[in-house]
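Derivation of every value follows stated rules applied to the coordinates shown; laboratory data play no part. This one's a predicted model, so the numbers in the text were calculated from it and none came from an experiment. Positions of Cβ are backbone-derived with ideal geometry, glycine not excepted, and every protein chain shown enters the neighbour counts.
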Amino acid sequence: MGMHHVRTCTDTANVTLAAVFDERPDVTTQVAKDTGSQAATDLDALLDQIDMAIIAVPTQHHAAIAVPLLSSGVSCLVEKPIAATDDDAVVMINAAAAGKACLRIGHVERFNPAITSLKFALDDDLKNGSRVTSLSARRFNPAADRSYDVDAVLDLMIHDLDLLNTLEVGAVTSISCAPGSTEHHVTAMLALDSGVTASFDVSRVASTQDRSLSIETTESVLKLDFTEKTVTRIVDDLSTPLVVDKTDPLRAQLASFIAAVRGGETAAATGQDGLAALRLANRVRENAGLL
């Protein structure tokens, strides 16, 4: 993710990539050379040279990296999840307040154009008096030859838990997970006080990729295919494809972060949003036996 952010920064006109830092000096040196930026060896030396930072390090190190920056007034975009623990997240939020810095969390699906298209259609349904009855999401990825710093709930499901929070369709009253949950595969059912039911199924050891989202209302069914980047509205068995633009989510997120740093109201997830998603994810993890 760090390299994706580097490329986005170098392609954005109103951003100057001043420096890069990685715990591996060879990586820092090479990326700095490729981008014409400074190869930082000490983050403290950068505090008076930068306005903002993007933090894409293993989750357990988020707070250790972000707090000194935030406390010094450097705004931070931190990859999701906000932190490894609720306590770390709160420390980060408090550091941002103390340093009068902007803290935003990289819940990049908020900027997925397919999600935007789905939300527009859902808003139309709700304006017509419809209500959400159920939501289901699946994020299946084949096994990859790499290590993970967090389990599948914090890696994959948290995207959809954040979306559930943004939809504001009710508070979660109970959570149940299917037997046999592992750090790589979890199926969770959530009941909301509004009567809405939500099911989330994530896997990092699936035979094939399958990433989809479906929202049912009393008027229609909205189906999103993340792989194909399509959204379909179904009413009385009649399917209508919806328009999905070509916006790059990471680029849109960076623009939103910049706007937030400048004091604007944006869709980027705040520290409090990140904490809310983490707390919900931890409820799922506890039920699944991962905590």
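A convex hull fitted around the alpha carbon atoms of the range 2-108 yields 93 Å³ per residue.
Rounded to the nearest 20 debye, the dipole size of the chain about its Cα centre is 260 debye, using +1 on the Cβ of Lys and Arg and -1 on the Cβ of Asp and Glu. Here Cα extents along the principal axes in Å was calculated from the structure, and among (1) 61, 49, 33; (2) 66, 55, 35; (3) 60, 40, 38 it sits at label (3).
Helix content alone sets the calculated 222 nm mean residue ellipticity of the chain: runs of n ≥ 4 DSSP H residues at -39500 (n - 2.57) each, divided across all residues, give -10500 deg cm²/dmol. Just want the answer: with Cβ charges of +1 for Lys and Arg and -1 for Asp and Glu, which residue in Gly73, Ala191, Val57 is farthest toward the dipole's positive end in the chain? Projecting each Cα onto the dipole axis, the largest value belongs to Gly73. If you sort the three axes of the alpha carbon gyration tensor as a ≥ b ≥ c, you get a/c under 1.5 for the range 1-65, which makes it rounded. The range 150-172 and the range 204-236 have Cα centres lying 16 Å from one another.
Taking other C-beta atoms within 10 angstrom as a stand-in for reagent exposure, Ser239, Ser72, Ser220 fall in the order Ser239, Ser72, Ser220, fewest first. Around the Cα centre of the range 106-242, unit charges on the Cβ atoms of Lys, Arg, Asp and Glu (plus for the first two, minus for the last two) sum to a dipole of about 140 debye. Pairs spanning more than 21 Å between alpha-carbon atoms, out of Lys127/Lys246; Lys127/Lys223; Lys33/Lys246; Lys119/Lys246; Lys119/Lys223: Lys127/Lys246; Lys33/Lys246.
Can you give me the C-alpha center-to-center distance between the range 71-119 and the range 33-69, rounded to a whole angstrom? Distance between centres, Cα-based: 15 Å. Applying a DSSP loop filter and a limit of 11 other Cβ atoms within 10 Å to the trypsin sites (Lys or Arg not before Pro) in the range 208-277 leaves Lys246, Arg262.
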